[in-house]
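The structure appears right after this line, and notes come after that.
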Amino acid sequence: MNPVRIYIPRDSAALAVGADEVAAALAAACAQRGLSVQIVRNGSRGLFWLEPLLEVQTAQGRLAYGPVEPEDVPGLLDAGLLYGGTHPLAQGLTEQIPFLARQERLTFARVGVTDPLSLADYEAHGGWAGLRRALALGGAAVVEEVLQSGLRGRGGAAFPAGIKWKTVRAAAAARKYVACNADEGDSGTYSDRMTMEGDPYMLIEGMAIAGIAVGATQGYVYIRSEYPHAIATMQAAIERASAAGFLGEHVLGSDGAFRLEVRKAAGSYVCGEETAMLESLEGKRGIVRAKPPLPAVQGLFGQPTVIHNVITLASVPLILERGAEFYRGFGVGRSTGTLPIQLAGNIRRAGLVEKAFGVTLRELIFDYGGGTASGRPVKAVQVGGPLGAYVPAAHWDLPLDYEAYAAVGAVVGHGGIVVHDDTADMARLARHAMEFCAIESCGKCTPCRIGSTRGVEVIDRITGNQQREQQVRLLRDLCDTMLHGSLCAMGGMTPHPVLSALEHYPQDFGLAAPAPHAA
């Protein structure tokens, strides 16, 4: 009799709430009872309120139980866990859980489904098809496919990926590079980590395709130092992919060469900025470079370099496998494809939701997230990380789309969404944004280095009712200088949370009416 296959995530979020202990308890209990099981440590499905989520393979499909604690294991086995027995923790068929069933999982189709380090699993679920097609098409055609897909950078800037690739491909150089920015430091974001821990070969395949397309022979994955599990999984996956011929001197037996290495990040938030990351990769202090020259022309070690974040590169294999038209069939306007959206903060059902662009914030917060965890009304939602704007209720029905958000002074960014209830003090949150910038600034440019420090002081004077209206005007002028004078997005985006808090929640700053604008 074949052993029953049971899935328990190895994702960091699941480990943090006891997944290893659940796996150990299950293995021990089954051994004691003489039950034949195979425990597979998969990635997380992204339903974090149900972690550790245990799934059992049955004739009907995979049935979910969660959140499971070690002490639940005996009762689950008594209830017939191995046959999908009824239990208070039973969630039914995993794929039919409403949170998951309503998603469009393109990039995350395998995450939580497969064993992350199994090459056989990856290939059985469509892996390497994109790379094989890329090798058959040739570099120029691959670049055109990515251009036609409309794929834009998922790291925040939303620059068309195909244009970067075209620029690097056209550049004359002895050597070219592909650099993956996995220094995922934004609050409320975890899709990069989930990808690297749950489907590492997808990122490897995407980087190999990029290398083949532009003529780069070396790639680096720059991973946040606080992600030890992602670092270990990526290193193991690269070793296995190289041994199997998917990386190396002759990728899949072709003339194309592409090698890949992991680099641990420097523990600095600003190294998430592409040029600071390049400095760090070169072994220098992570400070921002002035542009031009652009990294696509003069990047790592002075050579043309394709730089993307994890989700951008992880989107590439599907585009090559299914074609540009298929991918472009999702989304709205110039925002094509899907975005893995991360729900965090004061929210009942935190987790990852992959949806086509066009979904609204209201749907995400209430239909998926279930409202606040506290049960109190939602007051503000920060979209796009710690430097994203606070989006008020008036804009919760806007389609999630780069242009629609830009029109109201907001950013989609990396898709991180942090929810706050009506007890949040928006003036304190605005001050925190300025203080965060002051602490994390690389110090190279004055608007960011000095502007953020002065910003904290000005907000303190506003909330302390010291010449309040004059200080509000000063704060707006200061934000304008940071927006337009900073070298990178660190100083250039810090005004977003500050100005949006001031604009939409003036009462938290002691202002009875909307704050006056500078003349």
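Annotations for the structure displayed:
- Filter on K264/K284; K264/K355; K176/K291; K164/K291 - keep pairs with C-alpha separation over 21 Å: K264/K355
- In terms of overall dimensions, region 279-363 has a Cα radius of gyration and Dmax of 17.6, 47 angstrom.
- With the convex hull of the Cα atoms taken as the outline of the chain, the averaged projected area works out to 24.7 nm².
- At R0 = 35 Å, FRET efficiency that the Cβ-Cβ distance of D460 and E69 yields, to 0.05: 0.20
- Inter-label distance, nm, simple model (7 Å from Cα along the C-beta direction), A28/L147: 6.1 nm
- DSSP bridge orientation in the chain - percent antiparallel, rounded to nearest 5: 55 percent
- Ranking T94, V143, I365 by how far each Cα lies toward the positive end of the dipole of the chain (charges on Cβ) leaves V143 at the top.
- Two-site label geometry, L93 and E123: point separation in nm, points 7 Å out along Cα→Cβ: 3.0 nm
- Per-residue packing, averaged as other Cβ atoms within 10 Å, sorts the ranges 86-94, 183-191, 161-169 into the order 183-191, 161-169, 86-94, beginning with the highest.
- Put a plus charge on the Cβ of each Lys and Arg, a minus charge on the Cβ of each Asp and Glu, and nothing anywhere else: the dipole of region 162-248 about its Cα centre is then about 560 debye.
- Average accessible surface for region 387-495: 41 Å² per residue, computed with a 1.4 Å probe over protein heavy atoms with every protein chain in place.
- Using a probe of 1.4 angstrom and keeping all protein chains present, the accessible surface of region 1-133 works out to 42 square angstrom per residue.
- When peptides 6-15, 439-448 are sorted by average Cβ neighbour count within 10 Å, with the highest value leading, the order is 6-15, 439-448.
- Region 231-374: projected area of the alpha-carbon convex hull, averaged over directions, in nm²: 12.3 nm²
- Here is the list for region 72-114: trypsin sites (Lys or Arg not before Pro) lying in DSSP coil, each with at most 13 other C-beta atoms within 10 angstrom of its C-beta, are R102.
- Alpha-carbon Rg with Dmax, taken over region 30-122, Å: 13.6, 41
- Extending 7 Å from Cα along the Cβ direction at A512 and again at T58 yields two label points whose distance is 6.4 nm.
- Rg [Å, one decimal], Dmax [Å, integer] - region 132-175, C-alpha atoms: 11.4, 32
- Accessible area (Å², 1.4 Å probe, nearest 10) - D508: 40 Å²
- For region 102-224, the share of alpha carbon pairs falling in successive 5 Å distance bins from zero is 2, 10, 18, 22, 22, 17, 7, 2, 0, 0 percent.
- Treating each Cα of region 210-308 as one equal point scatterer and applying the Debye formula with no solvent, the log10 of I(q)/I(0) at q = 0.18, 0.19, 0.21, 0.22 Å⁻¹ comes out as -0.91, -0.98, -1.11, -1.16.
- Modelled FRET efficiency - R0 22 Å, T86 with S36, Cβ distances, 0.05 increments: 0.50
- Extension gain, A407-E435: 0.36 nm per intervening residue step, less the Cα-Cα distance, totals 7.4 nm.
- 5 angstrom amide H check on G331, placed H, neighbours 5+ away: G337, F357
- Using the Cβ-Cβ distance between E249 and S187 with R0 set to 51 Å, the FRET efficiency works out to roughly 0.80.
- Dipole of the chain [Lys/Arg +1, Asp/Glu -1 at C-beta], most positive-end residue of A237, P295, L475: P295
- Look at where the Cα atoms of region 470-504 and of region 77-126 average out, and the two centres are 44 Å apart.
- Under the convention that each Lys and Arg Cβ holds +1 and each Asp and Glu Cβ holds -1, the size of the dipole of region 1-89 around its Cα centre is about 380 debye.
- Between the C-alpha center of region 19-57 and that of region 286-349 there is a gap of 34 Å.
- The residue among V113, L82, T463 whose Cα reaches farthest toward the positive pole of the charge dipole of the chain, with charges on the beta-carbon of Lys, Arg, Asp and Glu, is T463.
- Net charge dipole size for the chain [Lys, Arg +1 and Asp, Glu -1 on Cβ; Debye, nearest 20]: 1060 debye
- Zone of F366's modelled label, taken as backbone nitrogen in region 380-412 under 18 Å from a point 7 Å along Cα→Cβ: 380-382, 391-400
- Phi to ³J(HN,Hα) by Karplus 6.51 cos²θ - 1.76 cosθ + 1.60 over region 384-399, Hz, x for Gly, Pro: x, x, x, 9, x, 6, 7, 9, x, 4, 4, 10, 6, 9, 5, x
- Note on K444: aspartates and glutamates with a C-alpha under 16 Å away, same-chain residues under 8 apart excluded, are E273, E274, E279.
- As a length-normalised measure over Cα pairs under 8 Å and 6 or more apart, the relative contact order of the chain settles at 13 percent.
- Rolling a 1.4 Å probe over the protein heavy atoms of region 69-146, with every protein chain left in place, gives an accessible area that is 53 percent carbon and sulfur.
- Rolling a 1.4 Å probe over the protein heavy atoms of region 370-475, with every protein chain left in place, gives an accessible area that is 51 percent carbon and sulfur.
The values are calculated or read from the model by the stated rules, or taken from the named source; none is laboratory data. The structure displayed is predicted, hence computed values, not measured ones. All Cβ positions, glycine included, derive from the backbone under ideal geometry; neighbour counts span all protein chains shown. Protein only, heavy atoms only, side chains kept; ligands, DNA and RNA dropped before computing areas. Shrake-Rupley method; radii C 1.70, N 1.55, O 1.52, S 1.80 Å.
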